[in-house]
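The values are calculated or read from the model by the stated rules, or taken from the named source; none is laboratory data. Since this is a predicted model, take the numbers as computed values, not measurements. Here the Cβ positions follow ideal geometry from the backbone for every residue, glycine too, while neighbour counts run over all protein chains shown. Keep in mind that these areas ignore ligands, DNA and RNA; they rest on the heavy atoms of the full protein, side chains included. Shrake-Rupley method; radii C 1.70, N 1.55, O 1.52, S 1.80 Å.
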Amino acid sequence: MASTDPEHREEEETQAAEDEDTGAQVAPIVRLEEVAVSTGEEDETPILDLKSKLYRFDKEGNQWKERGAGTVKLLKHKDSGKVRLVMRQSKTLKICANHLIISTMSVQEHSGNDKSCVWHAADFADGELKDELFCIRFPSVENCKSFMEKFQEVAESLKPKEENKDATNAAGLLEKLSVEEKKTESKAGEEVAVAAKEDSESKPEKAEEGKKDEVAASST
């Protein structure tokens, strides 16, 4: 028995319409193709990955300004072995920091806050190198210590390589100077030998001339 209630009847008709399969297929107006997105991190291996909030010191305003909240990473290149620090904002993925870690860098705990630390870097986040003073804050003391230890470990590991390189360059320079000195000494020795030979050849001639002078003098 059909319901005489208008609202009830309308609900039944709506449900019947939803259950009915028309078999119609609607083709998409625009076909979207999958596009490969490159992050620039494909040839790097993350050695540290922590959530944090980054600040930079504004020299003009003499104050700290928030750079963004997201994930800070230390990425090691698979071929060169270089390590860079990269941080992106969590929502927009905009780069907050992007710089190499070098042997002269050092990270220190921010005074008065054991969850934060500071360091100087030549940063390239804005597309050009800028000398920045960064401060980064972590949710826990443990994460801050992990960041500082890994950062310092990378910086320290680069020092022997640079010192060895300098030593190699110095040794090469000394070797070059030594070779040049040997060449100079050899050349000087050759010149002395030639001079001695010329002197020895000229002595009999002088002796012969002396005899001729003596004979001429006695005949007079």
(1) out of contact with any strand residue (DSSP E or B) (no Cβ under 7 Å at 6 or more places or on another chain); (2) in a strand (DSSP E or B) all hold for Gly112 apart from (2)
Inspect all residues belonging to region 133-152 and state whether any of them is of a type in the set (D, E, K, R), assigned to a helix (DSSP H, G or I) and in contact (Cβ under 8 Å) with a residue 40 or more places away in the chain. yes
Restricting attention to region 110-132, report how many residues are surrounded by 17 or more Cβ atoms within 10 Å (Cβ to Cβ) and either of a type in the set (Val, Ile, Thr) or under 14 Å from Ala155 (Cβ atoms) (or both). 4
Could you tell me whether any residue of region 56-65 is under 22 Å from Thr104 (Cβ atoms) and under 22 Å from the mean Cα position of the chain (by Cα)? yes
On the basis of being modelled with pLDDT of 75 or more and touching a Phe, Trp or Tyr at 6+ places or on another chain (Cβ under 8 Å), does Glu66 make the cut? yes
Filtered residues of region 82-109 (kept if part of a loop (DSSP other than H, G, I, E, B) and surrounded by fewer than 17 Cβ atoms within 10 Å (Cβ to Cβ)): Lys82, Ser90, Lys91, Thr92, Leu93, Lys94, Ile102, Ser103, Thr104, Ser106
Under 6 Å between Cβ atoms, which residue pairs at least 6 apart in sequence (or on different chains) link something in region 63-87 that is of a type in the set (S, T, N, Q) with a partner that is open to solvent by 40 Å² or more (accessible area, probe 1.4 Å) and assigned to a strand (DSSP E or B)? Thr71/Lys51
